[in-house]
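Chemist: Got a structure for you, questions after.
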Amino acid sequence: MHGGRCVNLTLAPCGADVGIIFSVAGAEIEAHWSCVDASKLRTRLAGDGASVSTVEHLMAALAALGVDNALVALDGDEVPALDGSARDFVSAIEEAGVVALPAPRRALRVIKSVRVSDGAGWAELSSADAGLHLDVEIAFPAPVGRQRLALDLTTETFRRELAGARSFGFLRDAERLWREGLALGANLDNTLVFDERAAINPHGLRFADECVRHKMLDVVGDLALAGAPIIGAFRSYRGGHGLNIALLEAAARSGALAPEFDGAGKGSATGVGRSPSP
Ligand SMILES: [Zn+2]
């Protein structure tokens, strides 16, 4: 998407309590907000002298399908864009399968409200009885305009409402982004592109409000960098990767996230695919 290079990505099983680990250029980088080193237009993780960009759509698919532990190996420094959505990641993970691991599943419960803001935009987390409730609102100039969507995140709602929503951008921003070394791989096959009047992609929109759905997909991916599923309610207005990551950091630093075992010990940790061969 941003680097404009070809890359191969492999998801592999790993043990319980490992989390999601990116293996790139001989380095292992933990999928955790504390490893985020850039959040403009995409979320980039760094560590061990290496970095991996645009992790959010893959992280969203892993989180929504309930995968707690997996090894993500890449031969480049950016997760492939595919069609700009999380649809192909969902299919690949479902094809590989998800197995329960012999360990209790961890979760992070929001125990007090926390809010961060940046200009007109803000994001907040508050408590909820169970699950993760999402409420996202965006406000762009026409033709995107104001869009708002609220839903309870489940594997099913993610698959049906969010997974297919593509990254979007504006034709008028393209040259400036290219000069900044961003969006170098963006094209009409992986990005919904708007001119002053409408989407210019040959097949148009997948959803009338595809943009807010994609923003929510990004939220799911960024919140997955908490390190465990969050039990709470998320809300944002004119948010983005920077605010999402700042919110996680503020929540962790202010003690707003309390670790617990999901479902009072009933749930099991999960990993992608079959267990490693002996
Ligand atoms: Zn995105």
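Throughout, read-outs are computed from the coordinates displayed, never taken from laboratory work. As the structure is a prediction and not an experimental result, all values here were calculated from the model. So basically every Cβ, Gly included, is an ideal-geometry build from the backbone, and we count neighbours across all protein chains shown.
Chemist: Using helices alone, I'd like the mean residue ellipticity at 222 nm for the chain: each DSSP H run of four-plus residues gives -39500 (n - 2.57), total over residue count, nearest 500.
Modeler: Per the formula, -5500 deg cm²/dmol.
Chemist: What shape does the stretch 56-143 have by the C-alpha gyration tensor, where a ≥ b ≥ c are the square roots of the eigenvalues, rounded means a/c under 1.5, and otherwise prolate means a/b greater than b/c and oblate the rest?
Modeler: The shape class here is oblate.
Chemist: Using Cβ counts within 10 Å as a stand-in for footprinting exposure, how do Trp122, Trp33, Trp178 rank, fewest first?
Modeler: Details: Trp122 16, Trp33 23, Trp178 13.
Starting with the residue having the fewest Cβ neighbours, the order is Trp178, Trp122, Trp33.
Chemist: Further question on the same structure: Counting only residues 5 or more places away or on other chains, whose amide H sits under 5 Å from the amide H of Ile20 once H atoms are built in the peptide plane?
Modeler: Those qualifying (amide H under 5 Å, at least 5 residues apart or on another chain) are Ala31, Ala70.
Chemist: Let me ask something else about it. Can you compute 3J(HN,Hα) from phi for each residue in the stretch 121-131, using the Karplus curve 6.51 cos²θ - 1.76 cosθ + 1.60 with θ = phi - 60°, rounded to whole Hz and x for Gly and Pro?
Modeler: Each residue's phi maps through the Karplus curve to give x, 8, 8, 9, 10, 9, 7, 8, 5, 8, x Hz.
Chemist: Under a Cβ-Cβ cut-off of 10 Å, what is the net charge of the residues other than Ile21 that fall near it, where Lys and Arg count +1 and Asp and Glu count -1?
Modeler: Net of charged neighbours comes to -2.
Chemist: Mind listing the phi-derived Karplus ³J(HN,Hα) values for the stretch 139-145, rounded to whole Hz, using 6.51, -1.76 and 1.60 with θ = phi - 60°, and x for any glycine or proline?
Modeler: 9, 10, x, 4, x, 6, x
Chemist: Follow-up question, since we're still on this one. Take each of the peptides 195-205, 99-109, 78-88, average the number of other beta-carbon atoms within 10 Å over its residues, and list them starting from the highest. Could the numbers behind the result be given before it?
Modeler: Values: 195-205: 12.0, 99-109: 17.5, 78-88: 21.4.
Most protected by this proxy first, the peptides run 78-88, 99-109, 195-205.
Chemist: Can you list residues from other chains, or at least 5 along the same chain, whose modelled amide H is less than 5 Å from the amide H of Gly185?
Modeler: Those lying under 5 Å, H to H, from Gly185 are His2, Gly3, Gly4.
Chemist: Restricting things to alpha carbons, tell me how big the chain is in terms of Rg and Dmax, in Å.
Modeler: Considering the chain through its Cα atoms, Rg and Dmax are 17.9, 58 Å.
Chemist: May I pose another question? If you wrap the stretch 149-189's Cα atoms in a convex hull and average its projection over all directions, what's the area in nm²?
Modeler: Mean projected area for the stretch 149-189: 4.2 nm², to one decimal.
Chemist: Could you check which residue among Cys35, Cys211, Cys14 shows the biggest mean-square fluctuation in a GNM of the chain with a 10 Å Cα cutoff?
Modeler: Result: Cys35 has the largest fluctuation of those listed.
Chemist: Share of antiparallel DSSP beta bridges in the chain, in percent to the nearest 5? Present the calculation step by step, with values, prior to reporting the outcome.
Modeler: On the way: 41 of 59 bridges.
Close to 70 percent.
Chemist: To continue, here is another question. In whole angstrom, how far apart do the alpha carbon centroids of the stretch 50-100 and the stretch 202-252 sit?
Modeler: 16 Å
Chemist: Which helices, counted as full DSSP H runs in the chain, have an axial Cα extent of no less than 15 Å and a Kyte-Doolittle average of 0.5 or above?
Modeler: 241-253
Chemist: Go through the stretch 33-50 residue by residue and turn each phi into a ³J(HN,Hα) via Karplus (6.51, -1.76, 1.60, θ = phi - 60°); whole Hz please, and just put x for glycine and proline.
Modeler: 4, 5, 9, 6, 10, 7, 9, 7, 6, 7, 10, 10, 9, 9, x, 6, x, 10
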